[in-house]
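Down below is the structure, laid out as structure tokens.
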Ligand code: C2E
Ligand code: MG
Ligand code: MG
């Protein structure tokens, strides 16, 4: 049966768990009782021998009984010393009490009988008492020292959270007890950028603040489950969840940690919003041993990382383990490129008064069975295997040619926005490719916009900035995609020759339920305007979000509320309906 919070009392869950892991030396009550009984027995024998005036015959020799008092009183003291050594505080206090009682009784007997025969016994007891006090003090000092080393072995020095060792000890214990639990791996997104842009000290402060928010949740019991949060390494944490009934409880708990993580964090005067990729696996349903639990939750977490923004939490499923899955996508990608089966959809963008601003081209892949794959699946694979320039290039070229014809036909001044991977952007031939696209399609440079993802860009800021400046010189617009989930500092924004900030969908999702998200969106819009950028909100799905965005001065809207990604011919009809 699980321990409840009231059983644990005031002690925090984390401290309680660490204590149970690190405290390997427990007082043995049976041992204590045995020493106590032996001590009492030896003392009784001493008293009996002292009071018996006759002799005891051993091997035909008769020895006065009183001669045995010394032997048994020495034995009684030995038992008392054992008690101090093996039974720690309990043994020490029992021994002191016993000796004080003895000393008191001896003094009374001396005073009563006016005989000094018990004086050596009195001195023996006093010296024994001094010896056990010294022994106890030394023992305690040694134990405190051991405890400190134990604590350090299970604690992460930077954040004060339990470390990887503590986590593995806990999991081992839970598995031995066959108790149900979930292992949740949490990996902060783009944390490297914090260290790179703000420095290691700031990075450490970010980790410490996050750890303290999470420790508060774990200790408060607000999540409703028994939680054990610890830092594994760098920006990787793990959360062990116990005492839950179903997967909704697990998600409910993880959401609370994610919500605490997502709150505004101010470090050295810089405002940051941190997000994480989260994966989890359950004992015993998903895996039955430590290594598997970790590698399965890691597989789920890595999948979330690969998919990027949007959902952040994934439960492990066996198909995540299949390397064939990635290989299959890679194969489909190569076939699609060979057969010219990469194509594009167009999602409309509007100004706040519902006037068409233009379209974002979104890549699609048609496989051999004519099934359509979404970019979330194949773009990360294309990046990994070095085919992203071909995919981007195909979408850019095809969308531009279509769009060139469309604006010539309609004399429209709308904009075509195309996603470009930073890997592609920084290839030597990219600027030539772009010039070529402008030539072939006939699109005026200021009606073409390139979207670059903020977080990826910060990782390679210097090289990317140089490239972007050249693109700007050609007259092509730059949009910063998924803005807000990275760690943009104001000075970095100031250097960025962008035209448009695209606020990430995750903030729009939360803006009508979380005040801080709404304020954050409002702040991005104001700062963007001050710096001369226009601002578009992505993933707008509800009218209430539209109203709020209107109130806080957002320039443009992209989202299902006003339009899903559509085929090229539908986009043409849409533009014609505006002419
Ligand atoms: P993105 O550039 O941020 O594109 C927006 C994504 O959000 C699109 O998903 C779009 O369909 C989706 N979206 C737009 N409005 C809503 C909404 O109201 N609700 C919801 N739930 N979703 C909405 P899609 O097409 O799956 O694209 C995903 C990502 O793949 C893109 O995110 C972009 O980062 C990448 N991508 C797409 N095409 C290309 C490409 O040609 N090249 C490169 N490098 N990346 C691309
Ligand atoms: Mg985009
Ligand atoms: Mg986006």
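Taken together, the values in this text are just the output of simple stated rules run on the coordinates, not laboratory data. Predicted model, so just to flag it, every value in this text is computed and none were measured.
Taking all Cα pairs closer than 8 Å and separated by 6 or more residues, the relative contact order of segment 164-318 comes to 28 percent.
Our summary gives the chain a relative contact order of 9 percent, counting only alpha carbon pairs under 8 angstrom and 6 or more residues apart. Cα centroid distance between segment 500-579 and segment 132-209, in Å? Cα centres, segment 500-579 to segment 132-209: 43 Å. Averaging the sequence gap over all C-alpha pairs within less than 8 Å and six or more residues apart, then dividing by the number of residues, gives segment 382-458 a relative contact order of 40 percent. Against the chain, whose longest principal axis is taken from its Cα atoms, helix 247-262 shows a tilt of about 80°. Hydrodynamic radius of the chain by the Kirkwood approach over all distinct alpha-carbon pairs: 29.4 Å.
Computed over the alpha-carbon atoms, segment 25-154 gives an Rg to Rh ratio of 1.10, Rh here being the Kirkwood radius from the mean inverse distance. Between the helical axis of 388-410 and the longest alpha-carbon principal axis of the chain there is an angle of about 40 degrees.
Roughly how tilted is helix 68-86, in degrees to the nearest 10 and between 0 and 90, from the longest Cα axis of the chain? So the helix axis and the longest Cα principal axis differ by about 10 degrees. In terms of Cα atoms, the Rg and Dmax of segment 327-421 work out to 14.6, 46 Å.
Kindly provide log₁₀ I(q)/I(0) values, in the same order as q = 0.09, 0.12, 0.20 Å⁻¹, from the Debye equation applied to equal alpha-carbon scatterers of segment 164-318. The calculated log intensity ratios at q = 0.09, 0.12, 0.20 Å⁻¹ are -0.27, -0.48, -1.30.
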